[in-house]
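Structure first, commentary second.
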Amino acid sequence: MKIRFGVVVFPGSNCDHDAYYSVKQLLGNDAEFLWHKEHSLKNSDVIILPGGFSYGDYLRSGAIAKLSPLMNEVTNFAEKGGIVIGICNGFQILTESGLLPGVLLKNDSLKFACKDVFIKVTNKNSIFTKSLIKDYLKIPIAHGEGNYFADEATLTSLKANNQIVFKYCNQDGEVNSLYNPNGSIDNIAGIVNKTGNVLGMMPHPERVCNPILGNTDGVGIFKSIMNSFK
């Protein structure tokens, strides 16, 4: 069964083609680019908010992107149960839009982080992880503002509702602040909303889908989404 993915494109997006290529060329789905000024999701089954630097990250990452016309459609889509995945800058846009709780701050190092990291799957029953075989994944990051923060009440709620999906870990799956690349609270690398249909994550699964790269750990996340339609 083919799924129709809509990949939103903002001025400054730079991982839109990676996402498009992964879901269409590598995984055999339908996919379409959705320009930020449009007012239609073009019958998309799944929306991807890709990585990059939307609107140059002016004000705050994602702060201007949330005001784009298409984000009204994405918000309505999500609130009706539509599946949305925000990757890196997409995660930032989701928090700015109120579709996910918390905020993404500057990395505690105050430096841009670009490297492979390991993330532990802490919720294996979500739409985005059900088809994952591994307990932890090797996925690259590339961000300057990936430091996830939420107040104590929000963090307690995330834990109680099993909304924390990924945490930074080492190559053996051990979650420890030593392996946290950005200072993110509780080593959080990805969360879902309370209804479980919206995922935000800082690592880039679309960059590890092609076997020619020697790592396909990102495939399982997209296959989990695809299998949720079966």
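FYI, it's all coordinate maths here, none of it is from the lab. Model, not experiment: these values are computed from the prediction.
Taking amide H positions as placed in the peptide plane 1.01 Å from N, state which residues far from residue 199 in sequence (5 or more) or on other chains have amide H under 5 Å from it.
Answer set, sorted by chain and number: 84, 85, 86.
So who's got an amide H within less than 5 Å of the one on residue 183, skipping anything under 5 residues away but keeping other chains? H placed 1.01 Å off N, in plane.
Placed amide hydrogens put 108 under 5 Å from residue 183.
If the reach is capped at under 16 angstrom between alpha carbons, list the lysines near residue 120, excluding any in the same chain fewer than eight residues apart.
Cross-link targets: 130, 134, 138, 159, 167.
Based on the alpha-carbon gyration tensor of the stretch 69-137 and its eigenvalue square roots a ≥ b ≥ c, which shape applies: rounded if a/c is under 1.5, prolate if not and a/b is larger than b/c, or oblate?
oblate
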